[in-house]
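Trainee: This is the structure I want to talk about, given as structure tokens.
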Amino acid sequence: QVQIVESGGGLVQPGGSLRLSCVISGIAFRIYHLGWYRQTPGKQRQLVASINNGLATDYVDSVKGRFTVTRDNYKNTMYLQMTSLKPEDTAVYYCNTNSANDAYWGQGTQVTVSS
């Protein structure tokens, strides 16, 4: 079955950096599109960054220039490098993988940006 394991979240001071990882097993990883979403209490889950199976990336405006999404098709892993973190980046971050036929979510990892 499909397994998604996220890691790398934690508490960081404003201006700091974190790298999130998402390891996915049970799918033909290289053909799937991937994305990082985030959610705060009472708000809808928001797409933060995506990378498709052709390595094209896209970002929400609020993280452009600060976040970088990459994927390693040999390790079945997606990464989100986050720099210059702000308190408003505080959220639960979720890994998503999808194709034309299906979609899967990770369990989420908490990122807290606070002094």
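Trainee: Among the lysines, which have Cα under 20 Å from the Cα of LYS64 when same-chain residues fewer than 8 positions away are ignored?
Mentor: LYS86
Trainee: Stokes-Einstein at 10 °C, 1.306 mPa s, Kirkwood radius from Cα pairs: D for the chain in µm² s⁻¹?
Mentor: Translational D for this selection: 113 µm²/s.
Trainee: Now for a separate question. Share of the chain's accessible area from carbon and sulfur, percent, 1.4 Å?
Mentor: 48 percent
Trainee: A follow-up question, please. With label points built 7 Å along Cα→Cβ from the Cα atoms of ALA56 and THR40, find their separation and express it in nm.
Mentor: 3.1 nm
Trainee: Residue-wise, which Karplus ³J(HN,Hα) couplings in Hz belong to the range 37-50, taking 6.51 cos²θ - 1.76 cosθ + 1.60, θ = phi - 60°, and x for glycine or proline?
Mentor: With the stated coefficients, the range 37-50 comes to 10, 9, 8, 10, x, x, 10, 6, 5, 10, 6, 9, 7, 9 Hz.
Trainee: So, in nm, how far is label THR112 from label ALA28 when the simple model puts each one 7 Å beyond its Cα toward the Cβ?
Mentor: 4.3 nm
Trainee: Here is a further query. For LYS75, give me every one of the aspartates and glutamates with a C-alpha distance below 17 angstrom, ignoring sequence neighbours fewer than eight places off in its own chain.
Mentor: Hits, sequence-local ones excluded: GLU6.
Trainee: Starting at the first residue of the range 71-79, write each ³J(HN,Hα) from the Karplus equation 6.51 cos²θ - 1.76 cosθ + 1.60 with θ = phi - 60°, in whole Hz, x for Gly and Pro.
Mentor: Here the 3J(HN,Hα) series is 9, 10, 6, 7, 9, 6, 9, 10, 10 Hz.
Trainee: For ILE24, ILE4, ILE31, give the ranking by accessible area with the largest first, probe 1.4 Å.
Mentor: If we order ILE24, ILE4, ILE31 from most to least accessible, we get ILE31, ILE4, ILE24.
The values are calculated or read from the model by the stated rules, or taken from the named source; none is laboratory data. This one's a predicted model, so the numbers in the text were calculated from it and none came from an experiment. Ideal geometry is used to build each Cβ from the backbone, glycine not excepted, and the neighbour counts take in all protein chains shown. To get the accessible areas, we keep the full protein, side chains included, count just its heavy atoms, and leave off ligands, DNA and RNA. Shrake-Rupley method; radii C 1.70, N 1.55, O 1.52, S 1.80 Å.
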